[in-house]
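Written below as structure tokens is the structure these notes are about.
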Amino acid sequence: MDLVNSFLNLVVPPATMMMLAFSWPALCFIDACEWLYNTLYTTENMDGKVVIITGASSGIGEQIAYEYAKRRANLVLVARREQRLRVISEKARYIGANSAIVIAADVVKEDDCRRFVNETINLYGRVDHLVNAASLGHTFYFDEVTDTSVFPILLDINFWGNVYPTFVALPYLQQTNGRAIVNASVENWLPLPRMSLYAAAKAALVNFYDTLRLEVNDEVGITIATHGWIGGEMTRGKFMLEEGAEMQWKEEREVQASGGPVEEFARLIVSGACRGDAYVKYPSWHDSFLLFRVFAPKVLNWSFRLLLSSHGTRRTSMVGVGKPVAEGSTARYMMESTSPRKLPAGPITFSQLQPKME
């Protein structure tokens with residue numbers, strides 16, 4: 001068996017590359033034809049359909065709500081910031097939503113997920129699309145962490161915060177041949193420094209939904225949306241969780257950052273979901289790095305090391321690491337709580353932010 005594996009190790013990679021090279025034009029043509037057919041003949045009419053959107057209080061989730069509103073859907077907006085949701089619901093109705101209700105809930109709590117799904121069923125009697133947009137990023141190096149209570153927070157929101165709503169809503173999605181949409185990230189396969197826990201959670205998330213797609217077969221559609229650098233509320237240094245939230249993180253300084261437009265990504269997500277696309281990628285050129293990840297991982301590793309070395313000393317956000325951050329003549333710790341679901345209620349200053357947050 002060892003001899004067979006040794007032989008296949010030598011033969012299979014180059015043979016696969018040759019097959020891809022010869023079949024790539026044909027695959028692209030087939031994909032283009034399928035996209036055109038779905039756009040012209042199978043795009044789902046969302047007028048009167050019921051859409052649950054988690055993480056709808058800002059960023060990608062908010063923009064997705066507006067895109068569904070343009071299609072005259074009935075919206076159920078879920079997040080922990082009820083006051084913010086009310087503002088978004090008013091705008092969504094103005095844009096064209098048939099209705100838009102708000103439900104304050106924490107997606108990492110199964111009971112909360114059951115509550116907002118049951119309220120949706122009681123009001124509308126159905127669920128057609130479930131959009132999981134809640135997400136939480138970080139920008140610290142793993143070896144900087146001294147307080148590990150941030151670990152379950154990141155994994156809870158980025159993984160269980162998507163799985164629990166899907167688990168509860170799945171029977172109703174099966175009744176309507178509905179669709180589950182998940183907001184993933186290119187970090188699920190592209191290794192980027194300072195994002196180890198976030199990348200791990202997103203990798204688990206994508207594998208979960210890819211497997212779920214096979215399990216539910218054609219009863220429920222699955223759309224996995226993958227984005228690169230997206231400018232959002234955290235990018236602009238305005239994020240704060242308000243009343244009812246268990247985490248109170250506030251940015252006190254403006255942060256200069258750039259990223260692709262959230263609005264364009266949201267438009268692509270909703271258009272792709274209505275067409276029945278299995279994957280939505282923005283921007284799609286990131287897939288070029290996937291070939292290096294699979295066939296030449298050392299090249300990818302060398303590239304990142306070169307980029308890191310060219311920037312000199314580390315630039316990092318100390319959010320959640322438990323280390324002191326100088327502020328004038330004093331210093332305070334970014335995390336003092338030992339509870340895995342509690343953070344200090346006072347304001348916390350960020351030095352650098354990652355634009356992936358509910």
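Restrict the check to segment 7-19 and report whether at least one residue is in a helix (DSSP H, G or I), touching a residue at least 60 places away in the same chain (Cβ under 8 Å), over 30 Å from Thr176 (Cβ atoms) and among the hydrophobic types (A, V, I, L, M, F, W, C). Yes: segment 7-19 contains one or more residues that are in a helix (DSSP H, G or I), touching a residue at least 60 places away in the same chain (Cβ under 8 Å), over 30 Å from Thr176 (Cβ atoms) and among the hydrophobic types (A, V, I, L, M, F, W, C). Against the conditions (1) among the small types (Gly, Ala, Ser); (2) modelled with pLDDT under 95; (3) in contact with a Ser or Thr (Cβ under 7 Å, 6 or more places away or on another chain), Ala100 satisfies every one except (2).
Among the residues of segment 162-179, is any without any contact (Cβ under 8 Å) to a residue 12 or more places away in the chain and at positive phi? Taking every residue of segment 162-179 in turn, none turns out to be without any contact (Cβ under 8 Å) to a residue 12 or more places away in the chain and at positive phi. Of the residues in segment 55-69, at least one is within 21 Å of Ala225 (Cβ to Cβ), part of a loop (DSSP other than H, G, I, E, B) and of a type in the set (Ser, Thr, Tyr). Residues in segment 95-115 that are out of contact with any helix residue (DSSP H, G or I) (no Cβ under 8 Å at 6 or more places or on another chain) and in a helix (DSSP H, G or I): Asp111, Asp112, Arg115.
Only one of the numbered conditions (1) open to solvent by less than 20 Å² (accessible area, probe 1.4 Å); (2) touching a Leu at 6+ places or on another chain (Cβ under 8 Å); (3) not in a helix (DSSP H, G or I) is violated by Pro193, and that is (1). Within segment 24-39, at least one residue is in contact (Cβ under 8 Å) with a residue 12 or more places away in the chain and among the aromatic types (Phe, Trp, Tyr). If you go through segment 1-45 and keep only what is closer than 27 Å to Val127 by Cβ, open to solvent by less than 90 Å² (accessible area, probe 1.4 Å) and not hydroxyl-bearing (Ser, Thr, Tyr), you end up with Asn38, Glu44. Within segment 172-199, restricting attention to residues that are in contact with a strand residue (DSSP E or B) (Cβ under 7 Å, 6 or more places away or on another chain) and either more than 26 Å from Val220 (Cα to Cα) or of a type in the set (A, V, I, L, M, F, W, C) (or both), the residue that is modelled with the lowest pLDDT is Val186. Take segment 116-158 and flag every residue that is modelled with pLDDT under 95 and part of a helix (DSSP H, G or I). Those that are modelled with pLDDT under 95 and part of a helix (DSSP H, G or I): Phe142, Asp143, Glu144, Val150, Phe151, Pro152, Ile153, Leu154, Leu155, Asp156, Ile157, Asn158. Only one entry in Gly59, Gly48, Gly96 is closer than 18 Å to Glu264 by Cβ and either in contact with a strand residue (DSSP E or B) (Cβ under 8 Å, 6 or more places away or on another chain) or open to solvent by less than 20 Å² (accessible area, probe 1.4 Å) (or both), namely Gly59. Among the residues of segment 111-127, those that are closer than 13 Å to Leu170 by Cβ and buried (at least 21 other Cβ atoms within 10 Å of the Cβ) comprise Cys113, Val117, Val127. For segment 20-54, residues that are modelled with pLDDT under 85 and assigned to a strand (DSSP E or B) total 0.
The values are calculated or read from the model by the stated rules, or taken from the named source; none is laboratory data. In this text, all values refer to a predicted model and were calculated from it rather than measured experimentally. Using ideal geometry, Cβ is built from the backbone for each residue, glycine included, and neighbour counts are taken over all protein chains shown. Just the protein is used for accessible areas: all its heavy atoms, side chains included, with ligands, DNA and RNA removed. Shrake-Rupley method; radii C 1.70, N 1.55, O 1.52, S 1.80 Å.
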